[in-house]
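The values are calculated or read from the model by the stated rules, or taken from the named source; none is laboratory data. Keep in mind that this is a model prediction, so the values were computed, not measured. In this analysis, Cβ positions are derived from the backbone assuming ideal geometry, glycine residues included, and neighbour counts consider all displayed protein chains.
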Amino acid sequence: MFKQPIRFVGILLVIILSSCAPKVEKQESVILQELSPTASFVRQPYLLEEITEEEIIANPKTVFQQGPLQSGGVSWIAAKVDNGSSKKVVTRYMMAYDQAGNLLSKTYIPDSKEIIEASPIVYQYGAKPQVGAVFFPSRITRYGADCGGCKPNEEGISTTASGVQVSSNVA
């Protein structure tokens, strides 16, 4: 008598358990990651840049020298022969910027300060009348810029009888 109910219960359990088991109709494949051979670009967290700053600490002096008389030149006209240079301090710094371009730090590079001495602006007498040439009107006694009958314009420039423009302004 116990065999029938046990068999019945066993069949019932098999039916119930088989209905709870999932039915696999579609098989899903497993995707594995692969390493890409293309290079990936990574932005640096900050950017370092070396800069050079020049600070002018003195202007050049002007020097007038006697020179050889050029052909067509006049002994009292001086022309510029050297532009000269200012005295300056050259300093190097290391600048650090973040990704947005904001300045994070400015650091002095040790032993990078250099002082460059000035060289004078040199004018030499004996030059031809030309643009940029200078002379001192007090040396001219007739038709010069400091005579009363020349009538200089608003800028202080007057013209001599030979057509040369002279000025009473100091160079």
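For this structure, a couple of remarks:
- Among the residues of the stretch 72-117, not one is without any contact (Cβ under 8 Å) to a residue 40 or more places away in the chain and farther than 25 Å from Thr52 by Cβ.
- Residue match in the stretch 33-45 (condition: surrounded by 10 or more Cβ atoms within 10 Å (Cβ to Cβ) and either modelled with pLDDT of 80 or more or in the same structural domain as Gly126 (by TED's automatic domain parsing) (or both)): no
- Selection from the stretch 114-171 of residues that are buried (at least 17 other Cβ atoms within 10 Å of the Cβ), modelled with pLDDT of 70 or more and either touching a helix residue (DSSP H, G or I) at 6+ places or on another chain (Cβ under 6 Å) or at positive phi (or both): Gly126, Val166
- Scanning the stretch 92-106 for residues that are in contact with a Phe, Trp or Tyr (Cβ under 7 Å, 6 or more places away or on another chain) and either under 13 Å from Pro45 (Cβ atoms) or surrounded by 13 or more Cβ atoms within 10 Å (Cβ to Cβ) (or both) yields Tyr93, Ala96, Tyr97, Asp98, Leu104.
- All positions within the stretch 83-94 that are part of a strand (DSSP E or B) and not charged (D, E, K, R): Ser85, Val89, Val90, Thr91, Tyr93, Met94
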